Structures are given as C-alpha cells and as structure tokens.
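We did not get these values from a lab; they are worked out from the coordinates using the rules stated. A quick note: this is a predicted structure, and the numbers were derived from the prediction, not measured. Here the Cβ positions follow ideal geometry from the backbone for every residue, glycine too, while neighbour counts run over all protein chains shown.
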Amino acid sequence: MRKLKVQMQMTLDGFAAGLNNEMDWVFASGPDAAGIEKITELAADSDTVLIGAGSAQEFVSHWQNVADNQPENPWHAFAKLMDDHRKIVFSRSNKSFDNINVEVENGDLATAVQALKQQNGKDIIVYGGIDFVSALISFNLVDEYYFFNCPAVIGEGRSIFKEKKLLKLESSTAYKNGKVLNKYVQA
C-alpha cells in the first residue's frame with residue numbers, strides 16, 4: 001500500500017503560517033543545498049501530489065515556471081518532478097482548473113485518498129494548504145510527517161493540528177541554515 005506523506009515548513013512554535021497566511025519566515029535563514037536535495041529526494045519517492053484547492057493554482061504555476069524557465073535555479077530538479085508528477089486537486093466546488101495540468105477530485109476526501117493509497121505506484125505527497133492538511137490529519141490518512149522546523153518563532157499563527165495527535169519521532173536531521181527536518185509516524 002502506498003504511503004501518504006505530509007511535508008511542511010513549521011515554525012519552532014508549531015505554526016505552518018501566520019494568522020494571515022504569512023510565510024516570510026520560511027526562507028529567512030537562507031537556502032541550504034542539502035535541504036533542497038532532501039526535499040527533492042522525498043518528491044522522487046512519490047509520484048502523486050495532493051493539493052488543496054486554495055493553493056493549487058499558485059503551487060502548480062510556480063513550479064511549472066521554474067521547471068520551464070529557470071534551469072539555473074537550485075530548485076529546478078524539484079520543479080521538474082512537480083511538473084511531471086500526477087497532481088490531484090481536492091475541491092468541493094471546482095470541476096476543473098484553467099491552465100494547470102491537474103486532475104480534480106470532488107468526492108469524499110477520506111474515500112478518495114484511501115482509494116489512491118490502494119493504487120499501484122510510488123508514495124503520495126502533500127505540501128498544503130493548511131486546511132487541506134488538517135482534514136487529512138483529522139481523518140487519520142497521513143502515514144508519515146516531514147516537518148522542516150525553521151529557526152523562527154511567530155507567536156501566533158495557523159496550525160495543521162486541530163486535535164491531540166501522538167506521534168513518534170523516527171529521524172531528525174539538522175541543516176546548516178538552522179532548519180531541522182523531523183520525520184514522525186503515528187505513535
């Protein structure tokens with residue numbers, strides 16, 4: 001069975017974004033080649049990306065632009081993967097998205113994701129948005145969590161967790177830019 005993996009950038013105080021979805025803290029510590037390599041490796045272990053409707057247009061357009069027009073960008077290898085991967089946008093209202101290469105899923109989230117996990121292929125990865133990831137967590141659909149803890153504290157913000165969740169730390173890797181990648185699984 002395929003695993004569903006969530007990869008998120010998080011503040012040290014546990015937020016995925018500020019109250020108004022600010023994420024200026026994500027790259028404040030600067031790039032780290034080893035971190036980019038790890039993110040690319042996680043993407044390569046997957047062949048499907050799940051995206052919430054609220055972030056789909058920006059996500060897909062951004063990575064298509066990097067893949068098509070920025071070969072010198074350190075994120076180019078990752079962008080090529082994002083461009084090539086199967087992308088499924090979960091939406092309650094949209095039947096299609098203009099100018100982006102995605103499938104749209106309007107059905108029951110838990111049922112659709114369980115069916116995807118039963119299909120043949122590599123793992124499935126999710127990058128956001130916050131409400132979408134929260135729903136996946138609430139339905140206990142996430143198998144592995146990859147949190148890049150950024151050296152930033154914002155005091156208040158938006159969390160992906162809405163209820164108590166016990167996790168087990170499986171690995172931890174520190175990067176030169178101060179970020180720490182913690183991999184968690186269900187406890």
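The trypsin sites (Lys or Arg not before Pro) found in segment 145-178 that occupy coil by DSSP, while having at most 13 further C-beta atoms within 10 Å, are LYS162, LYS164, LYS176. Using the average count of surrounding beta-carbon atoms within 10 Å as a protection proxy, the listed peptides 29-39, 8-18 rank, highest first, as 8-18, 29-39. The H on the amide N of GLU105, modeled in the peptide plane, is under 5 Å from the matching H of VAL89, PHE90, SER91, each at least 5 residues off or on a different chain. Per-residue 3J(HN,Hα) values for segment 147-163, derived from phi via the Karplus relation 6.51 cos²θ - 1.76 cosθ + 1.60 with θ = phi - 60°, read 10, 8, 7, 8, x, 8, 10, 10, x, 8, x, 10, 9, 8, 9, 10, 8 Hz in sequence order (x marks Gly and Pro). For the chain, the 222 nm mean residue ellipticity estimated from helices alone, with every DSSP H stretch of n ≥ 4 adding -39500 (n - 2.57) and the total spread over all residues, rounds to -9500 deg cm²/dmol.
Partners of LYS117 within straight-line reach, counting lysines whose Cα lies under 18 Å from its Cα and excluding those fewer than 8 residues away in the same chain: LYS3, LYS5, LYS87.
Across segment 140-146, rounded Karplus estimates of 3J(HN,Hα) from the backbone phi angles (6.51 cos²θ - 1.76 cosθ + 1.60, θ = phi - 60°) give 6, 9, 8, 9, 9, 10, 10 Hz, Gly and Pro being marked x. Screening the chain for whole DSSP H helices of 15 Å or more along their axis (Cα) with average Kyte-Doolittle hydropathy at least 0.5 returns 33-44.
Structural descriptor for segment 4-186: relative contact order 35 percent, calculated from alpha carbon pairs under 8 angstrom and at least 6 residues apart. By other beta-carbon atoms within 10 Å, ranking ILE137, ILE125 with the fewest at the front produces ILE137, ILE125.
Restricting the count to DSSP beta bridges whose residues both fall in the chain, what percent are antiparallel, rounded to a multiple of 5? Before the final figure, lay out each step's value.
On the way: 14 of 35 bridges.
Close to 40 percent.
Among the listed values [x] 17.4; [y] 18.0; [z] 17.0, the one computed from these coordinates for Kirkwood radius over Cα pairs in Å is [z]. Counting beta carbons within 10 Å around each of TRP75, TRP25 and listing the fewest first gives the order TRP75, TRP25.
Electrostatic bookkeeping for GLN64 treats Lys and Arg as +1 and Asp and Glu as -1; over the other residues with beta carbon under 12 Å from its beta carbon, the sum is -2. Taking a sphere under 9 Å around the Cβ of GLY35 and counting the other residues whose Cβ falls inside, with K and R at +1 and D and E at -1, yields a net charge of +1.
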